[in-house]
Ligand code: ADP
């Protein structure tokens with residue numbers, strides 16, 4: 001028995017070990033690369049509002065007797081850039097917290113109908129301002145083992161996007177359904193849609209379709225990355241269907257009983 005356990009690995013075993021080792025090395029390299037890319041994206045995104053603020057402040061400083069209207073306009077622009085910087089930092093902190101393995105989930109039995117009603121209630125003012133109708137369809141009462149704070153954030157992101165990337169007079173429909181194993185939430189909108197060649201990328205950090213148009217609308221490009229992360233932590237899945245100029249539907253599936 002002893003001899004067997006200390007025997008030198010044969011050729012096949014050596015090959016297997018080498019392969020496994022190479023795979024691990026490859027994985028570590030790609031993790032390292034994506035981390036570097038993330039840091040460089042973050043730096044870029046944080047620098048953009050700063051650069052705008054600098055230009056605005058410099059041009060105010062270089063003029064004497066700036067008319068009060070111009071001064072106010074520039075100050076307003078500076079305030080918007082500060083808000084943007086703030087939003088990026090808030091979203092980044094959420095992501096970083098989610099990425100920490102130790103953070104885990106705070107699982108409780110939660111009524112999903114009420115959770116969705118709350119999400120929609122909070123976003124009603126934004127929808128009203130954008131002239132978008134918000135509708136909730138709950139086909140049956142659903143109680144599930146989930147992290148309430150994190151899933152509220154995830155669904156809020158989806159509904160907020162559906163309002164933001166919509167047209168005046170449009171609608172957003174949030175539906176809840178369930179079977180014995182999963183509950184299903186869909187967030188459908190009548191909005192601008194997503195081009196086919198962007199569908200794979202929208203969940204990536206900082207990715208935004210049409211940067212200039214999205215910039216007017218406002219956002220960080222981190223919302224969907226956060227949403228997907230939260231859903232995957234719940235062992236769930238998210239899918240997107242979209243047609244340009246017609247609308248988008250995000251469909252989410254999450255197990256009713258949490259599997260650790
Ligand atoms: P953002 O802060 O830009 O909204 P997200 O990560 O939430 O970032 O979304 C990434 C991009 O996906 C958005 O910039 C937008 O171009 C696109 N997108 C997300 N949701 C929708 C939607 N419901 N309709 C159309 N485009 C959307």
Checking the structure you have, find out if any residue of region 58-81 is in contact (Cβ under 8 Å) with a residue 60 or more places away in the chain, part of a helix (DSSP H, G or I) and within 26 Å of residue 153 (Cα to Cα). no
With a cut-off of at least 3 residues that are surrounded by 15 or more Cβ atoms within 10 Å (Cβ to Cβ) and near the ligand (Cβ under 8 Å from one of its atoms), name the strands (runs of 3 or more DSSP E) lying wholly within region 164-260. 247-255
Subset of region 35-92, residues farther than 19 Å from residue 218 by Cβ and modelled with pLDDT under 90, comes to 35, 36, 37, 38, 39, 40, 43, 63, 64, 65, 66
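The values are calculated or read from the model by the stated rules, or taken from the named source; none is laboratory data. Predicted model only: the values in this text are computed from it and were never measured. Reconstructed Cβ throughout: ideal geometry from the backbone, glycine too, with neighbour counts over all protein chains shown.
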